[in-house]
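Colleague: Take this structure first; my questions come after.
The values are calculated or read from the model by the stated rules, or taken from the named source; none is laboratory data. From a predicted model like this one, the values you see are computed outputs, not experimental measurements. Here the Cβ is made from the backbone with ideal geometry for all residues, glycine too, and neighbour counts use every protein chain on show. Heavy atoms of the whole protein, side chains included, go into the accessibility calculation; ligands, DNA and RNA do not. Shrake-Rupley method; radii C 1.70, N 1.55, O 1.52, S 1.80 Å.
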Amino acid sequence: MLTDLFSPSVQHSLDIAGIFVFAMSGALLGVRKNFDVFGMAVLAEVTALGGGLFRDLIIGAVPPAAFTDLGYFLTPLVATAIVFFLHPEVERITKAVNVFDAAGLGLFCVAGTVKAYGHGLGLTFAATLGLATAVGGGVLRDVLAHEVPSLLRWDRDLYAVPAMVGSTMAALLIRYDALNVSTSMLSAAVAFVLRLLAMRYHWRAPRAWHRRSATAGDPAQGNAQG
Amino acid sequence: MLTDLFSPSVQHSLDIAGIFVFAMSGALLGVRKNFDVFGMAVLAEVTALGGGLFRDLIIGAVPPAAFTDLGYFLTPLVATAIVFFLHPEVERITKAVNVFDAAGLGLFCVAGTVKAYGHGLGLTFAATLGLATAVGGGVLRDVLAHEVPSLLRWDRDLYAVPAMVGSTMAALLIRYDALNVSTSMLSAAVAFVLRLLAMRYHWRAPRAWHRRSATAGDPAQGNAQG
Amino acid sequence: MLTDLFSPSVQHSLDIAGIFVFAMSGALLGVRKNFDVFGMAVLAEVTALGGGLFRDLIIGAVPPAAFTDLGYFLTPLVATAIVFFLHPEVERITKAVNVFDAAGLGLFCVAGTVKAYGHGLGLTFAATLGLATAVGGGVLRDVLAHEVPSLLRWDRDLYAVPAMVGSTMAALLIRYDALNVSTSMLSAAVAFVLRLLAMRYHWRAPRAWHRRSATAGDPAQGNAQG
């Protein structure tokens, strides 16, 4: 079975690692938004588990993994405690956190695609749901924290495209019956490296053509270069 | 069976048409919010498919139609591409887009009611879920785009009430065993025309009585006329 | 069976009471946000039924109770009508509304824990889902009304902690096979009293240590006292 690609303990360790780094980004946003320790914990849980929760509801895998695996549930609380006591130190290593977040992105887009396919979705939808698994937690985090989702903003480095590449690679590997431990790790690595390059060189996606003409009266236009 | 009212191909064409016009409104909001092309695509997908996704999760129809039908998934991407390349032209025909959106509203409130009833919900709940199918995508769109949902604002023309009339008509037709192609199209048409009239004559719903007395200290009160 | 703790009619009356007070808080926020009567009704429904809806989707109890019980659905509409016609009077008794809301919090955290356990979740997850049942509606209300969720804000009196204590008590009682009508009402009462005390003495949760050092450049820091 596809989800048996890895030995259970290896798979679980990879999941926990991804959950941990996503939870760090949630707890840090909680600090920046001036939330209390409980708000930090909620953002950490939502960021780390929200994408997988959405995927499990869509494929009908209830109760979702987030509500059956204690490790999944407790890891974000550990991340919250670390940020709570050490956040100046954590902020100082934001770059490191971003690298871990990129690793989580790579792992989740591949794992999400494989799990969705294993529950009977077509390949296009499995890849889409893999993408949603990887980016969904961050969108929920931003909505709860009352921010414009950074996924949607044009002035942020590419985030969804690397995940899209990774989940598409995983779907193609399934299609050609070539998915194994090495190739799935390769897909995750490609997404990871693409995200690192996007951050390093500030790759961005284009906005609609001829924006200016249509939004002359739009105050948000002020600092846009069309 | 109720969902066999129309021949599958007719039903599918109507669904695709509704999805397309809703997706246009999502992609256009993405342009106005200065999102990149990927953010536009996310808003288009969410606006077009969000209401039906919510309905399918509630009635337990997983995986939802949005994740099993390629046409449903690809149509919003086509709408995104059109808006991306041609949005000044699309903006110029905003009125036409609003007419299409009203048509989508009418089709979705009836289709949602019929599908919910077919999955065993009572008539009141089927009508409620039909309403949610029609307006849910727009609410999700506004939440993700970090706007006050226009569904809730008093200074917008009636949107939910036409959908409510359409889904109630559909529920009554089911109750009296009179639902067929003609009567269900009539329900959709009534919702469609009511929405057009609401836009033409700026029909609005009332706010709470005696608002002023209770909100004297409310800064949002400034431009309200109580 | 656990969910048969109370006679059905007693259980149902308690549920309706909790739904009613939560709906009042939703409709009142609708008035403050200047929404029309339909927006008030949406906020009332979402606040009262959102937490339970989330719980039912997670445990796979579809269609959720909110879509099968007419009393659950109609109660928020009654609350909306009361607020619509009488809101200056309702505002004047805000303190009373807060007391009712605290009662709803106590009832929902215990009822949610018991229902989640009855559907096969582990005790930790049952307690977490009980907490989510109690606070989830308020979070959805704030997100839809375009506010920072008051659950997450450090400058609000403790809300989640009382619910957490109540649901943890219920989980421990299940664990030691001591859950009955008296002990479950006791759990709800403890959560209720803790919430009242939190409001009376303005108990708050701490924010991250050394906040200032890390957020010197953060404009949101202006009115924070680190």
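Colleague: Is it the case that A:Phe22 is farther than 16 Å from A:Leu105 by Cβ, part of a helix (DSSP H, G or I) and not acidic (Asp, Glu)?
Modeller: On the way: farther than 16 Å from A:Leu105 by Cβ: no; part of a helix (DSSP H, G or I): yes; not acidic (Asp, Glu): yes.
No.
Colleague: Can you find a residue that is assigned to a strand (DSSP E or B) and either surrounded by fewer than 22 Cβ atoms within 10 Å (Cβ to Cβ) or on the phi > 0 side of the Ramachandran plot (or both) anywhere in the range A:62-73? Walk me through how you get there before you give the answer.
Modeller: Initially, the range A:62-73 is screened for residues assigned to a strand (DSSP E or B), giving none.
Within the range A:62-73, none of the residues are assigned to a strand (DSSP E or B) and either surrounded by fewer than 22 Cβ atoms within 10 Å (Cβ to Cβ) or on the phi > 0 side of the Ramachandran plot (or both).
Colleague: Sort out which residues of the range A:195-204 are out of contact with any Gly (no Cβ under 8 Å at 6 or more places or on another chain) and outside any loop (DSSP other than H, G, I, E, B), and write them in order of number.
Modeller: Going residue by residue through the range A:195-204, those that are out of contact with any Gly (no Cβ under 8 Å at 6 or more places or on another chain) are A:196-204.
Within the range A:195-204, A:Leu196, A:Leu197, A:Ala198, A:Met199, A:Arg200, A:Tyr201 qualify.
Colleague: Hey, B:Gly120 hits all of (1) touching a Leu at 6+ places or on another chain (Cβ under 9 Å); (2) open to solvent by 40 Å² or more (accessible area, probe 1.4 Å); (3) at pLDDT 90 or above but one; which does it fall short on?
Modeller: Of the numbered conditions (1) touching a Leu at 6+ places or on another chain (Cβ under 9 Å); (2) open to solvent by 40 Å² or more (accessible area, probe 1.4 Å); (3) at pLDDT 90 or above, the odd one out for B:Gly120 is (1).
Colleague: Separate question: If a residue has to be assigned to a loop (DSSP other than H, G, I, E, B) and open to solvent by less than 20 Å² (accessible area, probe 1.4 Å) to count, how many in the range C:33-60 make the cut? Full working, then the answer.
Modeller: Taking the range C:33-60 and keeping what is assigned to a loop (DSSP other than H, G, I, E, B), we get C:33-34, C:36, C:60.
Subsequent filtering for residues that are open to solvent by less than 20 Å² (accessible area, probe 1.4 Å) retains C:34, C:36.
So the count comes out to 2.
Colleague: Oh, and also: Filter the range A:169-191 down to residues that are in a helix (DSSP H, G or I) and surrounded by fewer than 21 Cβ atoms within 10 Å (Cβ to Cβ), then give me how many there are. Steps first, please.
Modeller: Within the range A:169-191, the subset in a helix (DSSP H, G or I) is A:169-175, A:181-191.
Then keep just the ones that are surrounded by fewer than 21 Cβ atoms within 10 Å (Cβ to Cβ); that gives A:172-175, A:181-183, A:185-186, A:189-190.
Total satisfying the criteria: 11.
Colleague: Further, regarding this structure: From (1) open to solvent by 30 Å² or more (accessible area, probe 1.4 Å); (2) more than 9 Å from chain A (Cβ to nearest Cβ); (3) basic (Lys, Arg), pick out the condition that doesn't hold for C:Arg204.
Modeller: Failing condition for C:Arg204: (2).
Colleague: Mind checking which residues of the range C:93-117 are of a type in the set (Val, Ile, Thr) and either surrounded by fewer than 16 Cβ atoms within 10 Å (Cβ to Cβ) or over 30 Å from A:Thr68 (Cβ atoms) (or both)? It would help to see each step written out before you state the result.
Modeller: Filtering the range C:93-117 down to residues of a type in the set (Val, Ile, Thr) leaves C:93-94, C:97, C:99, C:110, C:113-114.
Once the filter is applied, which keeps residues that are of a type in the set (Val, Ile, Thr) and either surrounded by fewer than 16 Cβ atoms within 10 Å (Cβ to Cβ) or over 30 Å from A:Thr68 (Cβ atoms) (or both), the range C:93-117 yields C:Ile93, C:Thr94, C:Val97, C:Val99.
Colleague: Among the residues of the range B:17-32 satisfying the criterion of being at pLDDT below 90 and open to solvent by 30 Å² or more (accessible area, probe 1.4 Å), which is nearest to the other protein chains (Cβ to nearest Cβ)?
Modeller: Among them, the one singled out is B:Arg32.
Colleague: Could you tell me whether the range A:42-59 includes any residue that is within 10 Å of chain C (Cβ to nearest Cβ) and more than 16 Å from the chain's Cα centre (by Cα)?
Modeller: Checking the range A:42-59: at least one residue is within 10 Å of chain C (Cβ to nearest Cβ) and more than 16 Å from the chain's Cα centre (by Cα).
Colleague: Given the conditions (1) over 19 Å from B:Ala208 (Cβ atoms); (2) buried (at least 21 other Cβ atoms within 10 Å of the Cβ), and given that C:Val90 satisfies all but one, which numbered condition is not satisfied?
Modeller: Here C:Val90 meets the rest and fails (1).
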